[in-house]
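Take a look at the structure set out below.
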């Protein structure tokens, strides 16, 4: 992400610790995960069956897919268990006070889909 800018996507109060929130940036669903170590952002679709991860469970640094139980590391998107074997995209996040800012390169959604 060389031309990324940080965009406001939510407030910390919108996501209690241990919970997730799905936001939409340029038509792409991004899952925000609030853990004891901070807020992490990743694509909201499982790489195995395109299930919405916001409907799954957050356990520590793992998000569990609601469809087949695949687990992903929210810090780097890596697939931790089958049936998923392909990592999903993650995005840098920073906090400014209560604001959650997501690093986003304009047009990134189109590039990822294309």
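Here, each number is a calculation from the coordinates, and none is a lab measurement. Given the structure is predicted, the values throughout are model-derived calculations rather than measurements. Backbone-built Cβ (ideal geometry, glycine too); neighbour counts: all protein chains shown.
The GNM of the chain, with springs linking C-alpha atoms under 10 angstrom apart, assigns the highest mean-square fluctuation among 84, 50, 41 to 50. Residue exposure proxy: 81, 47, ordered by other Cβ atoms within 10 angstrom of their Cβ from fewest to most, comes out as 81, 47.
Sorted fewest first by neighbouring Cβ atoms within 10 angstrom, 64, 100 come out as 64, 100. Note on the chain: GNM, Cα springs under 10 Å; of 37, 73, 14, the largest mean-square fluctuation is that of 37.
Each label was represented as a point 7 Å from its Cα along the Cα-to-Cβ direction; for residue 68 and residue 37 these points are 2.6 nm apart. Structure remark: mean-square fluctuation, Gaussian network model of the chain, C-alpha springs under 10 Å; the largest value among 16, 66, 92 belongs to 16. When you work out D = kT/(6 pi eta Rh) for the chain at 25 °C and 0.890 mPa s, using the Kirkwood radius from C-alpha pairs as Rh and the Stokes-Einstein form, the result is 175 µm²/s.
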